Amino acid sequence: MSYQADYAIARLELPDGRRCYAELRGDKAHLLSHAPWRGGTPTGETVVGLGADACGPGLCRLAPVEPSKILCVGRNYAAHAAELGHELPAEPLLFFKPPSALVGPDDFIELPPPEIATQIEHEIELGVVVGRRTRGATLAQAEQAIFGYTVVGDITARDLQQKDKLWARAKGLDTFCPVGPVVVPAPGRWPWLLRCRVNGEPRQEGSTEQMVFRPADLVAYASRYMTLEPGDLIATGTPAGVGPLRAGDRLELEIEGIGTLGLEVRAAAAGSAPDP
């Protein structure tokens, strides 16, 4: 999995089985005692030889967050709302994905059995990682509460979404929230450019300039109704161009300045989903 920032946060599984957060600087990973948004500090241990497209021998890159909740925003790009035949909401349209939907860069997306859903689609989104406990924030406080940004895939069973009034089934299936490859600390760049490819074919391309509600707006709005905890993840909506995923596809989700999250799409199989 390739990342583009000079400095970023990853979460790794080491050859000895330990799972830890790390600061990535060049080809070195400086291990942290905890997640940086929970006060983690360098342990003094480093892992060297990390390439741009791989973690290195014996390493596995995990989803770079362990959120207490994954808060998502629907219809936050006008063109996407239009392509699905919806009007833009007057205020942010919020829904949840369960943390059990998380997968990381070295995992895969598993399609559900056909008796559950058959119309599975991709959505690329900018993810916002909350950096501090936040409740009832002003816009300025919300801006300061953002630790950083990552790439999120909001995989969706569109047939279930059209059937249900609530989106828990359509959005919450196991493996339906790929995240990574890294978290880039704020402020980052603006606007962010988003691209989605399936088997190398461009599907989605957009800019966060097209958002109706920007990240700080979303943090402030959400914090009116719930306490946001450090490490919580907010997926900020998708540009137009969503489309189908099928077994055997290679999905690439890219945000310039963060990196590319690439995953294989697999048919339903017996057994547990990948471990986030």
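Below 11 angstrom from the Cβ of Leu32, what's the summed charge of the other residues (Lys, Arg +1; Asp, Glu -1)? Mind showing how you got there, number by number?
On the way: positive: Arg11, Arg38; negative: Glu23, Glu45.
Every neighbour counted, the sum reads 0.
The candidate values were [x] 1.55; [y] 1.34; [z] 0.95; the one computed from these coordinates for Cα Rg over 2.2 N^0.38 Å carries the label [z]. The label point for Ser68 and the one for Arg224, both projected 7 Å from the Cα toward the Cβ, are 2.2 nm apart. Taking 13 Å as the straight-line reach from the Cα of Lys69, the aspartates and glutamates in range (excluding those fewer than 8 positions away in the same chain) are Glu229, Asp232. Over all other residues within a Cβ to Cβ distance under 10 Å of Val265, the charged ones net out to 0, with Lys and Arg as +1 and Asp and Glu as -1.
For the chain, the relative contact order comes to 26 percent (Cα pairs under 8 Å, sequence separation of at least 6).
For His86 and Arg25, what does the FRET efficiency come to when R0 = 51 Å and r is the distance between their Cβ atoms, rounded to the nearest 0.05? Numbers along the way, then the final one.
Values: r = 43 Å, r/R0 = 0.84.
That gives a FRET efficiency of 0.75.
Here the spin labels are modelled as points 7 Å beyond Cα on the Cα-Cβ line, and at Arg266 and His34 they lie 3.4 nm apart.
Note down the net charge around Pro215, summing +1 for each Lys or Arg and -1 for each Asp or Glu among other residues with Cβ under 15 Å from its Cβ. Could you put the intermediate results ahead of the total?
On the way: positive: Arg132, Arg189, Arg214; negative: Glu125, Glu143, Glu209, Asp217, Asp232.
Around Pro215, the surrounding residues sum to -2.
Under a Cβ-only charge scheme (Lys and Arg +1, Asp and Glu -1), can you give me the dipole magnitude of the chain about the Cα centre, in debye to the nearest 20?
640 debye
Label-to-label distance for Thr41 and Lys165 is 5.3 nm, based on points extended 7 Å past Cα in the beta-carbon direction. Across the alpha-carbon atoms of segment 188-245, the computed radius of gyration and Dmax are 14.1, 41 angstrom. Excluding same-chain neighbours fewer than eight residues apart, the aspartates and glutamates reachable from Lys165 by a Cα-Cα span under 19 Å are Glu83, Glu87, Glu91, Glu121, Asp154. Counting only residues at least eight positions apart within a chain, or on another chain, the lysines with an alpha carbon under 21 Å from that of Lys163 are Lys97, Lys171.
Read the figures in this text as sums done on the coordinates, not as results from a lab. The model shown is predicted, which means the values in this text are computed figures rather than measured ones. Cβ: placed from backbone, ideal geometry, glycine included. Neighbour counts: every protein chain shown.
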